[in-house]
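We did not get these values from a lab; they are worked out from the coordinates using the rules stated. Keep in mind that this is a model prediction, so the values were computed, not measured. Because the Cβ atoms are built from the backbone with ideal geometry, glycine has one as well, and the counts that use them run over all protein chains shown.
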Amino acid sequence: MNAQSTDTIPTPAPVTVIGLGNMGSALAAALLDRGHPTTVWNRSPEKAKPLADRGAHVAATPAEAVAASNLVLACVLDYDALRTVLDPTADAGGLAGKSLVNLTSGSPEQADAMAGWAAAHGADYLDGGIMTTPPGVGNPEMMFLYSGSEAVLTSHRPVLAALGDPLYLGARPGLASLYDSALLGLMWATFTGWLHGAAVVSADGPPATDFTRVALRWLTGAVSGFMTTYAPQVDAGHYPGDDATVDVQIATIDHLVHAARARGVDTSLPELLKATMERAAAAGHGQDSYASVIEVLRAPTTP
């Protein structure tokens, strides 16, 4: 007779969520969707009602919320607000032995300081950066960046994976915030470049949707390839100009400036980029690859 499997599906672990703004509510909702017993707390209790209707336990105080779970997720306005909420509980010993995952936006230095505060109160600390908007929470394709205690991520990975794909960056707590800020900068620069391009092209009739189809192919093909090629050059500080030199790029961007001006489109963005390239050329990088522009970004001129 065949032996029957004794494997069982793990019971979803309980979680506490502190802060129920748009993002905090999305975090709690994703956990509820995956069957995690979820305790929530918010300074304005009325924000908890939709989650309570779905089965969340609404704690009356931060201390009650922290006591309900070994894993505490925080997503509030800022680090000062988090300290204000948790200080009384921490001072009373309520954080001792807990895992605190802080998904509040802030600076790398604030994350480092928060890790020290958590350690002083006996808590393991993991800092996080949410690389999506609230509707994307729960999508396994969306990145959640983490840094700090790797043990917290390892112990609670199934819970954190319910929110999105957990990516561990390293032991320094501020790394997630650092990457978050840098990636947002990349996003804004990309958005603005795309919108500028759409303004130039649509001035002659083609709609933004047509331009975007071509732009996406360009970004995911050639541009991503340039970035992959240039990253080792940046790390090595060596920029062979064997594809397109900074001097060539300066000449080429003049075409964009001319096309934009002729169509009544603002030229401040390409002129800013050109000025940065010209600073790199003046610093001796004219015959180097475009990656060499990082040298003037690392050492900006004094106003």
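For helix 224-236, report the angle its Cα long axis makes with the longest principal axis of the Cα atoms of the chain; keep it between 0 and 90° and round to the nearest 10°. Tilt relative to the chain: about 90 degrees.
Dividing the convex hull volume of the alpha-carbon atoms in the stretch 15-171 by its residue count gives 94 Å³ per residue.
Computed over the chain, the alpha-carbon pair-distance distribution with 20 angstrom bins reads 27, 43, 28, 2, 0, each value a whole percent. A crude spin-label estimate for the pair ALA251 and GLU46, with each label 7 Å from Cα along the Cβ direction, gives 6.5 nm. Per residue, the chain reaches -15000 deg cm²/dmol at 222 nm when only DSSP H runs of four or more residues are counted, each adding -39500 (n - 2.57).
What dipole magnitude, in Debye to the nearest 20, does the stretch 203-298 give about its Cα centre under +1 on Lys/Arg Cβ and -1 on Asp/Glu Cβ? Intermediate values should be presented prior to the final figure.
Details: 7 positive and 12 negative charges, 55 e Å.
My answer is approximately 260 debye.
Taking a straight Cα-Cα cut-off under 16 Å and skipping sequence neighbours fewer than 8 places away in the same chain, the aspartates and glutamates within cross-link reach of LYS274 are ASP247, ASP254, ASP266, ASP288, GLU295. Extension gain, ARG157 to LEU77: 0.36 nm times the residue separation minus the Cα-Cα distance gives 26.3 nm. Taking the longest Cα principal axis of the chain as reference, the axis of helix 79-91 is set at about 20 degrees. Spacing of the modelled spin labels on ALA208 and ARG261, each 7 Å from Cα toward Cβ, amounts to 2.6 nm. Charge dipole (Cα centre; +1 on Lys/Arg Cβ, -1 on Asp/Glu Cβ; no other charges) of the chain amounts to roughly 600 debye.
Extension gain for LEU183-LEU297 works out to 39.4 nm (0.36 nm per residue, less the C-alpha to C-alpha distance). With an a/c value of 1.5 or above and a/b not larger than b/c for the gyration tensor axes a ≥ b ≥ c computed over the alpha-carbon atoms, the stretch 203-298 is described as oblate.
I need the calculated FRET efficiency for the pair PHE191 and ALA60, taking r as the beta carbon distance and R₀ as 45 Å, to the nearest 0.05. List each step's numbers first, then the result.
On the way: r = 42 Å, r/R0 = 0.94.
Once the sixth-power term is evaluated, E becomes 0.60.
Working from label points 7 Å from Cα in the Cα-to-Cβ sense, the ALA222 to ASP235 distance is 2.6 nm.
Measure out, as a whole number of angstrom, how far apart the alpha-carbon centroids of the stretch 86-117 and the stretch 118-195 sit. Rounded to whole Å, the Cα centres lie 16 Å apart.
Restricting to the chain, compute how many DSSP beta bridges are antiparallel as a %, nearest 5. Spell out each step's value before the answer.
Working: 6 of 28 bridges.
Once the DSSP bridges in the chain are tallied, antiparallel ones form about 20 percent.
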